[in-house]
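Have a look at the structure below before the remarks.
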Amino acid sequence: MTTSTPTRPSATEPTTPIGRTSDYLDNRTGIGHAVKEFARKIFPDHWSFLLGEIALYSFIVLLITGTFLTMFFVPSMTLSTYEGEPATMHGLLMSDAFASTLRLSFEVRGGLLMRQIHHWAALVFMASIVTHMMRVFFTGAFRRPREFNWLIGFTLLLTGLLAGFTGYSLPDDVLSGNGLAIANGVVKSIPVIGSYMSYFIFGGDFPGEQIIPRLFTLHILLIPAIILALVALHLMFVVVHKHTQYPGGGRKDGNVVGFPLFPVYTAKAGGFFFVVFAVLSLMGATMAINTVWNYGPFDPSPVSAGAQPDWYMLFLEGSLRLMPGQAEFVSWGDFTWSFNVLVPAVLPVLLLMGFAAYPFLEAKVTGDNREHHVLDRPRNRPTRTGIGMAFLAFFVILAFAGSNDLIATHFHLSINAITWFFRVFIFVGPWFAFWITKRICLGLQRKDRELVLHGHETGRIVRFASGEYIEVHRPLDEQERWVRVSYTAHRPLELPAPTGPKGTKDKSYKKAKRWAKLSRFFYEDRIEPVTPAELAASHSHGEHDALPGGEDHALVAPDHSVDATEQSH
């Protein structure tokens, strides 16, 4: 017969209640390993990375305030006579949706504050997504392996637009009702199936009785679920691919220079969430927005002047206002082709799709399939930066065109003259933005070359014994120099031979010729970075004039994949 004595707890077994609970969960879920790996993740530190965090935190505020509003909003188009505040709305016939919005604003404690915080959070959410995507675009953060994450971000932009439109339309006031009327007109302009689609969406003739309940379901269930899934996927890819970082000493594609997620980044991110929440709360408490009682319940007959949607939908409004009405014609007896409504609604969407496909286009014309984790300086990609500014100019012009009536009334101008000005400027403005941006980028690159070769001007004049006067320049330190030389000046794709090895005509030659021509558009105008030989010659009183220049950069340029401390610069 054998007996066993109780074993003593080992030194590694936890003794505190929290420790024992953690150990219990870890033994059964294996979560400790995941938390350990995730907490060790290094994230670089730069203010522009906060743009994505603002979008995330604004969405969290939207979920919190939206949950409160859902408890009191009635998504019904049933008509009833309203009795309550404000006095201007008392006794009017309105839908239950509009009546519940008024009660939320004037009778529910904190209701108006929640409504306004929710609306401001929606505007900031879209603004932060747009600025975050433009940061990604201008710095080249969409390059391999992040093309798929770029598409996820673009889908988030579209779902955000849809979330804003569905939420904006829920109060069923005159302003949102006119927006739905415009949407109904766009749907009906679709050839052949437009009228059937409108009948299906609105549950009958516009406005019907089903659109508000359907928009409510989309707004609080389907669209938030899609956004949550996309945000989770987006963050997962950020962790998997590791975060991009700006160029600088010690930063390369094989490492990340920054702070660990826990505790440094967690504390900073947590504090920043409360800052965003506080700013949105302050805006909601002090800045009135979407005062639906000033517009009244929806009635298809009145259309007030100065009616504009939220800023992120202004480009569609401006596109519709700029399109000439002559684009509509009748054929086959009584069949109307409303291209004056369809084209301005479809064209901006097509441009957005082209913007989404840009990473694949640039990879093709660059011929670069390497992974990139160090960001570009926008000046070092002048054509890309010019395209981005042209894209922004196009949508900014459309946004101003969507407010042409307000511009006319505030500045006492002719609305027809304003409309014609924007019709011309919509073609000239983006081209000019591209041209001037590209020129500025090339000029900044030349300035960088001058700084690397000659240093900073000090204003100190020295006279030699020979009588010669020179200005003393202060050389750049290693960090400054690295930022200005650690980039690759891509060259246009080389055009292959028109014939194959046996003298036969190459069938892919025409296709390759088109890609080579497009590549020249991107990279024909370029400024080569300073080479080690040029830098050494500049320090030997101008001998660099006789050394290989930009065309021979590949012969003497250092390997940019190594650490900054290993550079011969």
* Do we find that F165 is modelled with pLDDT of 90 or more, closer than 29 Å to S76 by Cα and buried (at least 18 other Cβ atoms within 10 Å of the Cβ) in this structure? -> yes
* Kindly check whether there is at least one residue in segment 438-447 that is in contact with a helix residue (DSSP H, G or I) (Cβ under 6 Å, 6 or more places away or on another chain), surrounded by fewer than 20 Cβ atoms within 10 Å (Cβ to Cβ) and farther than 30 Å from N149 by Cα. => yes
* What about E37, is it within 30 Å of D253 (Cα to Cα), at pLDDT below 80 and not β-branched (V, I, T)? -> yes
* Structure fact -> Listed by first then second residue, the pairs whose first member lies in segment 280-303 and is closer than 21 Å to E209 by Cα and crowded, with 19+ Cβ neighbours inside 10 Å, whose partner is modelled with pLDDT of 90 or more and among the β-branched types (V, I, T), with beta carbons under 8 Å and at least 6 positions apart or on separate chains, are V292/T101; Y295/V174; P297/V174; F298/V174
* Among T88, T65, which is the only one that is crowded, with 22+ Cβ neighbours inside 10 Å, of a type in the set (V, I, T) and in contact (Cβ under 8 Å) with a residue 40 or more places away in the chain? -> T65
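Return yes when A39 is exposed (fewer than 15 other Cβ atoms within 10 Å of the Cβ), over 27 Å from the mean Cα position of the chain (by Cα) and closer than 30 Å to L156 by Cα and no when it is not. Steps first, answer last, please.
Numbers: exposed (fewer than 15 other Cβ atoms within 10 Å of the Cβ): yes; over 27 Å from the mean Cα position of the chain (by Cα): yes; closer than 30 Å to L156 by Cα: yes.
Yes; evaluated as a whole, the condition is true for this residue.
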* **Failed item, numbered, when E371 is tested on (1) part of a helix (DSSP H, G or I); (2) within 23 Å of the chain's Cα centre (by Cα)** => (1)
* Which of (1) touching a helix residue (DSSP H, G or I) at 6+ places or on another chain (Cβ under 7 Å); (2) at pLDDT below 95; (3) buried (at least 19 other Cβ atoms within 10 Å of the Cβ) does H373 not meet, given it meets every other one? -> (1)
* Could you count how many residues in segment 15-53 are touching a Pro at 6+ places or on another chain (Cβ under 9 Å), of a type outside the set (S, T, Y) and part of a loop (DSSP other than H, G, I, E, B)? -> 2
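Is it the case that Y509 is modelled with pLDDT under 90, surrounded by 12 or more Cβ atoms within 10 Å (Cβ to Cβ) and among the aromatic types (F, W, Y)?
Answer is yes for this residue.
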* Asked: Does F274 meet the test of being in a helix (DSSP H, G or I), at negative phi and either within 28 Å of the chain's Cα centre (by Cα) or modelled with pLDDT of 95 or more (or both)?
  -> yes
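The values are calculated or read from the model by the stated rules, or taken from the named source; none is laboratory data. Since this is a predicted model, take the numbers as computed values, not measurements. FYI the Cβ positions are ideal-geometry reconstructions off the backbone, even for glycines, and counts take in every protein chain you see.
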